[in-house]
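J.: A single structure is presented below for examination.
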Amino acid sequence: MKNKKVAIIGAGASGLLCAIVCAKKSLHVEIFEQNTKPAKKILVSGNGRCNITNISTCQEDYFSDNPSFVKNALENFSFNEFEKFTSSIGLVLEVKDEGKVYPLSNEAKTVATLLENYAKNLGVIFHTDSKIRDIKKLLQEYDAVVVATGSEAASHLGGNSDGQEFAKEFGHTIIPTYPSLVQLHLNSNAHAKMSGAKVDGEVTLLINNKVSSLNQGDILFTDYGVSGFAILDISQPASESLMNVQSVDIVVNLLPKYTAQKLSAHLIKMSQLNPHASILDILHALLPLKIARTIIDELTLPHAALCSEINTKLSKKIANQILNWKFEVNETHGFRHAEVSGGGVNTSEVNEKTMESLKKKNLYFCGEVLDVLGRRGGYNFAWAWASGYAAAKAITKS
Ligand SMILES: Cc1cc2nc3c(=O)[nH]c(=O)nc-3n(C[C@H](O)[C@H](O)[C@H](O)COP(=O)(O)OP(=O)(O)OC[C@H]3O[C@@H](n4cnc5c(N)ncnc54)[C@H](O)[C@@H]3O)c2cc1C
């Protein structure tokens with residue numbers, strides 16, 4: 001009997017895994033990649049270390065208009081199954097904080113190289129520098145076509161909306177897309193003055209003036225606004241709300257270890273113990289200099305103002321500025337800088353067990369092209385692997 005012919009569009013995480021699982025069952029697999037080399041996003045992921053998955057994944061780790069869609073695929077390709085797969089290709093993993101998993105080598109290149117070489121050794125044919133434009137032609141030539149084209153995030157690495165355009169050709173609907181795990185732009189005069197200063201702080205997201213979420217972690221001021229893990233972690237609801245023309249603000253707490261009372265008591269104490277010190281120096285003992293200077297500006301105090309001027313009223317004002325600094329968010333840093341995208345191919349039109357289109361037989365979708373967005377911590381790759389595996393299993397069985 002003739003071996004089934006499978007075409008996979010996209011040599012990223014989901015496409016490579018799908019190709020390997022299909023080729024292991026002796027299917028004829030060809031993978032088409034527009035870039036000159038495969039796996040560009042894997043190579044830069046996790047700051048070059050690749051947070052390859054998370055040991056525990058569930059529906060709640062994902063955002064989608066159809067939240068239960070991910071359940072089946074994630075359960076069928078749990079961390080145990082994934083680890084069996086990675087050890088079969090020689091990839092050794094290490095579990096770190098919060099269940100985040102990395103290659104033991106600590107280098108993303110290991111992941112990309114092993115996946116590509118293993119696929120090639122199984123006979124998968126790679127067509128690099130090959131952008132697919134006509135999916136209907138591909139469907140005539142192959143028994144199954146897998147759309148593993150990813151999302152619009154990070155266009156310099158190949159991010160685009162081709163997969164959604166392919167889906168539309170078969171009557172699929174698209175859930176509106178927006179950048180996520182992305183930096184935020186602020187409407188203020190202060191952030192640029194603090195560019196480069198970083199704190200381990202707390203950020204509260206307000207949507208239409210109501211608290212939406214609170215996150216702790218790095219907050220890095222930049223010339224356009226804010227970056228850092230605490231910001232990336234709130235970027236999904238922030239970006240989706242901006243797309244829906246809602247008002248978005250953040251309240252930054254630069255010193256979460258202090259309460260307002262403790263901080264103003266500290267400032268009053270300084271005014272008594274060290275009245276000739278400048279307020280700037282005292283603030284610089286708590287915060288990076290650029291931030292301390294900007295706080296002085298925001299409170300319209302002279303830079304040479306002395307601690308002796310701190311009374312109860314001023315101490316409360318300074319504490320409030322440090323612990324409750326509100327900024328208006330006016331846009332995100334855009335798809336170009338985003339790690340992932342929200343929205344995508346409507347998953348209610350895709351079989352959750354097989355990833356096959358409910359509109360077109362033998363057409364499959366996997367990875368980020370679908371309306372599935374994971375939170376930070378390895379969840380996006382976890383989805384790419386799990387959905388690529390589900391598609392491959394279905395193709396090899398049918
Ligand atoms: C900077 C950065 C860091 C990240 N770090 C992490 C991390 O540490 N952990 C994590 O879980 N996630 C991380 N992600 C997200 C993760 O990379 C993606 O979720 C994942 O790669 C999605 O896999 P995919 O197979 O759906 O798409 P991709 O990996 O994007 O692959 C899609 C491929 O399809 C190709 N393609 C597109 N259109 C066509 C076409 N018409 N013809 C041919 N080829 C085409 C693209 O060039 C691309 O190679 C990161 C993303 C970025 C940008």
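J.: Can you compute the helix-only [θ] at 222 nm over the chain? Use -39500 (n - 2.57) per DSSP H run of at least 4 residues, normalise by all residues, nearest 500 deg cm²/dmol.
T.: Rounded to the nearest 500, it is -11000 deg cm²/dmol.
J.: Still on this structure, please answer the following. What nm distance separates the two modelled labels at residue 247 and residue 131, each placed 7 Å from Cα along Cα→Cβ?
T.: Placing both labels 7 Å along Cα→Cβ, they lie 4.2 nm apart.
J.: Using only the Cα atoms of the stretch 15-93, build the gyration tensor, take square roots of its eigenvalues as a ≥ b ≥ c, and label the shape rounded, prolate or oblate: rounded if a/c is under 1.5, else prolate if a/b is larger than b/c, else oblate.
T.: Cα axes put the stretch 15-93 in the rounded bin.
J.: Rounded to the nearest 0.05, what FRET efficiency do residue 65 and residue 113 have when you use their Cβ-Cβ distance and R0 = 35 Å?
T.: 0.45
J.: Check each of the trypsin sites (Lys or Arg not before Pro) in the stretch 126-196 and keep only those in coil by DSSP with at most 14 other C-beta atoms within 10 angstrom; list them in order.
T.: Passing sites in the stretch 126-196 are 131, 133.
J.: Could you state the angle between the C-alpha long axis of helix 108-121 and the longest principal axis of the C-alpha atoms of the chain, as a value from 0 to 90 degrees rounded to the nearest 10?
T.: 0
J.: What shape does the stretch 56-167 have by the C-alpha gyration tensor, where a ≥ b ≥ c are the square roots of the eigenvalues, rounded means a/c under 1.5, and otherwise prolate means a/b greater than b/c and oblate the rest? Intermediate values should be presented prior to the final figure.
T.: On the way: a/c = 1.76, a/b = 1.27, b/c = 1.39.
Oblate is the answer for the stretch 56-167, as a/c is 1.5 or above yet b/c matches or exceeds a/b.
J.: Suppose every Lys and Arg Cβ carries +1 and every Asp and Glu Cβ carries -1, with no other charges. What dipole size does the chain come out with about its Cα centre, to the nearest 20 debye?
T.: The dipole magnitude comes to about 480 debye.
J.: Among the lysines, which have Cα under 19 Å from the Cα of residue 360 when same-chain residues fewer than 8 positions away are ignored?
T.: Qualifying lysines at Cα under 19 Å: 4, 5, 136, 137, 168, 393, 397.
J.: What distance in nm lies between label points placed 7 Å from Cα along the C-beta direction at residue 285 and residue 47?
T.: For residue 285 paired with residue 47, the spin-label model returns 3.1 nm.
J.: Helix 312-323: angle to the longest alpha-carbon principal axis of the chain, degrees 0 to 90, nearest 10?
T.: 10
J.: If one takes the longest principal axis of the Cα atoms in the chain, at what angle in degrees, from 0 to 90 and to the nearest 10, does the Cα axis of helix 13-24 lie?
T.: Approximately 30 degrees, to the nearest ten.
J.: Roughly how big is the stretch 183-333's charge dipole about its Cα centre, with Cβ charges of +1 (Lys, Arg) and -1 (Asp, Glu), in debye to the nearest 20?
T.: 580
J.: Right, another one. Towards the positive end of the charge dipole of the stretch 183-333, with charges on Cβ (+1 Lys, Arg; -1 Asp, Glu), say which of 246, 321, 264 has the farthest Cα.
T.: Value computed over the given set: 264.
J.: May I ask you to compute the full-extension gain from residue 37 to residue 193, defined as 0.36 nm times their residue separation minus their alpha-carbon distance, rounded to one decimal in nm?
T.: 52.1 nm
J.: Which value in nm describes the separation of the simple spin-label points at residue 361 and residue 274, placed 7 Å from the Cα toward the beta carbon?
T.: Here the answer is 7.8 nm between the modelled labels.
J.: Could you give the length gained by full extension between residue 300 and residue 25, i.e. 0.36 nm per residue of separation minus their alpha carbon distance, to one decimal place?
T.: 91.9 nm
J.: Quick check for me: using +1 on Lys/Arg Cβ and -1 on Asp/Glu Cβ, what's the dipole size of the stretch 52-113 about its Cα centre, in debye to the nearest 20? Intermediate results must be reported in sequence, preceding the final value.
T.: Numbers: 5 positive and 10 negative charges, 45 e Å.
It comes to approximately 220 debye.
J.: May I ask you to sort 355, 270 by Cβ crowding, counting other Cβ atoms within 10 Å and putting the fewest first?
T.: Taking fewest neighbouring Cβ atoms as first place, the list is 270, 355.
J.: Give me 267, 122 sorted ascending by neighbouring Cβ count inside 10 Å, so fewest comes first.
T.: Fewest-to-most Cβ neighbours within 10 Å comes out as 122, 267.
J.: Run the numbers on the chain and let me know its relative contact order in percent, using alpha-carbon pairs under 8 Å that are six or more apart.
T.: 25 percent.
J.: So for 222, 204, fewest C-beta neighbours within 10 Å to most, what's the order?
T.: The most exposed by this proxy come first: 204, 222.
J.: Residues of the stretch 290-321 with backbone nitrogen within less than 16 Å of a virtual label 7 Å along the Cα-to-Cβ line of residue 259, please, listed as ranges.
T.: 316, 319-320
Each reported figure results from applying straightforward, stated rules to the coordinates on display, with no laboratory input. Since we're looking at a predicted model, the values are computed, not measured. Cβ: placed from backbone, ideal geometry, glycine included. Neighbour counts: every protein chain shown.
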